[in-house]
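The values are calculated or read from the model by the stated rules, or taken from the named source; none is laboratory data. These numbers come from a predicted model, not from an experiment. Note that each Cβ is placed from the backbone with ideal geometry, even for glycine, and that neighbours are counted across all protein chains shown. Side chains included, ligands, DNA and RNA excluded: accessible areas come from the protein's heavy atoms. Shrake-Rupley method; radii C 1.70, N 1.55, O 1.52, S 1.80 Å.
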Amino acid sequence: MVAYFTEIFTGLMSLFIGMGITFKEFFKPTVTVSYPYETLTMSARYRGHIELVEDEEGNPQCVVCGLCEKACPSDCISLAGEKPEGGKKKVLTKYKLDFTKCSLCGSCVESCSFGAINFSKDYNLASTNKEDFYFDLLKRLEERKK
Amino acid sequence: MNSPILLQPDETFILNVGPQHPATHGVLRVKMEMHGEYIVNAETVIGYIHRMHEKMGELKTYPQFLMNLSRMDYLGALGYSHGHVLLVEKASGIVVPERAEYIRAIMVELNRIASHLFWFGAFVMDLGGFSPLMYALQDREHILDMLEAVTGSRLTYCYFRFGGLYNDVDDDFIAAARRFIPRMRKSMKKYHRLVTGNIIFRKRLEGIAPLSKEMCRKYGASSAVARGSGINFDVRKNEPYSVYPEFDFDVPVYHECDSLARYMVRMDEIEQSLRIVEQGLDKLPGGPIMPDKKPKLIKPPAGDYYQAVETARGSFGIRLVSDGGKNPYRLKLRSPTYSNMHLFDEACRGMMIMDALAFMGSLDLVIPEIDR
């Protein structure tokens, strides 16, 4: 009998304690960010999709060794280059990234010994069109320069 | 007008829970044979998001498979990567610098706390309490921010490398982790006052879904499911790996065998993980995070290797059969929730459906990890 009433009393108390905590939380400052209107800056090491790094003259640093292509677990990088007449080094002519397959593991960036690719900070990439995720990184580099 | 279907007193009906159902937290289907509100028989149907991770392990080279491990259990991804790198390092004889091992342990424990926090919130939400989820996510967000600043991603990390780490932690991370520990301890007190003491919560869990020791052993259950049934087994203690022997921590074990015991084990585990993080930060040695001679081509000698680790969801085992090539010959992933989930069919017989769903929450299922 005593146990019955004790349980009712402690049970009620536990509900009031809980209510007290939620009541206190109610007056705490908001911590959420209302996303499309406010955005956060990404951390320095944020791993977005890759992008080409340019040298002092504005050309891609890439030497078309193809190591990133080999390192990629999902075959999402395809690149091509050619030797210009009279030139010694290969020049990048095509660098395509299939972002639909990329899992942002960073193997390509690590495999590159020339520091020619880097992670971007882009994250507003939502689209309903699949073609929007086939990135032409050379074109993106040109656009960035402008 | 249709007339209502009247069931005979001993007639049962089939209730299909899932594959898309909020209570299953993923693409799990449970076929329940019901007698009124009581479960006569239940059958879990899995495989809706099977992605052939084991086969991918055979087709990819060792470094290429690194990122797959974090796609298994999206809440506690680092624990799984830890098992994989430890296994390949053991197989190919790579020595890991001490600093890297300490950072790994700190990261895995932080990830474990994040995973348990999410489970805590989702579990209470299963039982009808919404606000604890918001508080838990707020605390979890601090961990994710810390991990993001170091690893570059928030959920599907690819941070561990054979021989060490992707990059080093900075002073900001250490300061943030130190700030987080007292904050989390304060939050734990809040959670216990808000949820553990709550009479409705306790009535829903106390004495519900008793799992005997024998049953846990039979099904190969681990983590809080086994430890809530009085089995003192934690891979970190029983088969020590990495730098865990250096840390002073306890394995919470409860003997009540009910859903509340499983809840209590996980809540205590958060506190123990905080202790490990604290000690790890104190003891963190200096030095490199990768061996001097970075392993270029990973080709473990032919043989059979096994490594078990304690992840947030239980003991995760990974077996590698190598033929000396650059791809594994066979890679077997033993996922803990796969075993934990199969208890459900037997244990939920005769239970009321609401209790069974609470019981399912206490198992802490992550479906991509079952299906892998």
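Key figures for this structure:
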read-out: Sequence of B:Asp168, A:Asp75 when ordered by accessible area, the most exposed leading, probe 1.4 angstrom; value: A:Asp75, B:Asp168
read-out: GNM result for chain A, Cα springs below 10 Å: residue of A:Val63, A:Val31, A:Val109 fluctuating most strongly; value: A:Val31
read-out: Cβ-derived FRET efficiency at R0 56 Å, A:Ser78 paired with B:His255, nearest 0.05; value: 0.40
read-out: Length gained when the stretch A:Glu85-A:Asp55 is fully extended (0.36 nm per residue, less Cα-Cα span); value: 8.7 nm
read-out: Nonlocal amide H pairs with B:Thr311, under 5 Å, H built at 1.01 Å; value: B:Phe316
read-out: Entries in A:Lys83/A:Lys146; B:Lys60/B:Lys296; A:Lys70/A:Lys139 that, when Cα-Cα distance is taken, lie over 18 Å; value: A:Lys83/A:Lys146; A:Lys70/A:Lys139
read-out: Cα-based helix-to-principal-axis angle, B:131-151 vs chain B, degrees rounded to 10; value: 20
read-out: Whole-Hz ³J(HN,Hα) from phi, Karplus 6.51 cos²θ - 1.76 cosθ + 1.60, for the range A:118-134, glycine and proline x; value: 8, 7, 8, 9, 5, 9, 8, 10, 4, 7, 9, 10, 5, 4, 5, 9, 8
read-out: Area of B:Met125 that stays accessible when all protein chains are in place (1.4 Å probe, Å², to 10); value: 80
read-out: Amide H partners (placed H, <5 Å) of B:His21, local residues excluded; value: B:Gly26, B:Leu28
read-out: Alpha carbon centroid spacing (whole Å) that separates the range A:40-64 from the range B:217-286; value: 42
read-out: Whole-number D in µm²/s for the range B:227-372 (Stokes-Einstein; Kirkwood sum over Cα pairs; 25 °C, 0.890 mPa s); value: 135
read-out: Two-decimal log10 I(q)/I(0) for chain B, as the Debye equation yields it once each C-alpha is a single scatterer, q = 0.07 Å⁻¹; value: -0.32
read-out: Cα-only radius of gyration and Dmax that characterise the protein assembly as shown, units Å; value: 25.6, 101
read-out: The range A:1-89 - charge dipole about Cα centre, Lys and Arg +1 at Cβ, Asp and Glu -1, debye rounded to 20; value: 420
read-out: Between helix B:171-191 and chain B: long-axis angle, C-alpha atoms, 0 to 90°, nearest 10; value: 20
read-out: Chain A, relative contact order [Cα under 8 Å, separation at least 6], %; value: 26
read-out: Pairwise label distance in nanometres, A:Val63 with A:Glu25, each label 7 Å out on the Cα-Cβ vector; value: 5.6
read-out: Interface B:A - total buried accessible surface [probe 1.4 Å, Å², rounded to 100]; value: 2200
read-out: For the range A:24-79, radius of gyration divided by Kirkwood radius, i.e. Rg to Rh on alpha-carbons; value: 1.26
read-out: Proximal aspartates and glutamates relative to A:Lys96, as straight alpha-carbon distance under 13 Å, when same-chain residues fewer than 8 apart are discounted; value: A:Glu51, A:Glu69, A:Asp75, A:Glu131, A:Asp132, A:Asp136
read-out: For chain B, built as a Gaussian network whose Cα springs stay under 10 Å, the top-fluctuating residue of B:Gly93, B:Gly121, B:Gly26; value: B:Gly93
read-out: Cα centroid separation - the range A:1-24 against the range A:80-94, whole Å; value: 77
read-out: Eligible aspartates and glutamates near B:Lys213 by straight Cα distance, threshold 17 Å, same-chain separation 8 or greater; value: B:Asp234, B:Glu256, B:Asp258, B:Asp345, B:Glu346
read-out: For the range B:218-271, alpha-carbon Rg relative to the globular expectation (2.2 N^0.38 Å, N residues); value: 1.14
read-out: Principal axes of the range A:50-145: Cα extent on each, largest first, Å; value: 45, 28, 20
read-out: Cα-centred dipole magnitude for the protein assembly as shown, charges only on beta-carbon of K, R (+1) and D, E (-1), debye, nearest 20; value: 720
read-out: Within straight-line cross-link reach of A:Lys24, lysines at Cα separation under 24 Å, skipping those fewer than 8 residues along the same chain; value: B:Lys186, B:Lys189, B:Lys190
read-out: Alpha-carbon centroid distance for the pair the range A:106-120 / the range B:93-117, whole angstrom; value: 25
read-out: With Cα atoms, 0 to 90° folded angle of helix B:259-283 axis to chain B main axis; value: 10
read-out: A:Cys112 long-range amide H proximity, modeled H, under 5 Å; value: none
read-out: Difference of contour (0.36 nm per residue) and Cα-Cα distance, B:Asp10 to B:Tyr48; value: 10.4 nm
read-out: Within the range B:51-336: Cβ-based charge dipole about Cα centre, in debye rounded to nearest 20 (Lys, Arg +1; Asp, Glu -1); value: 640
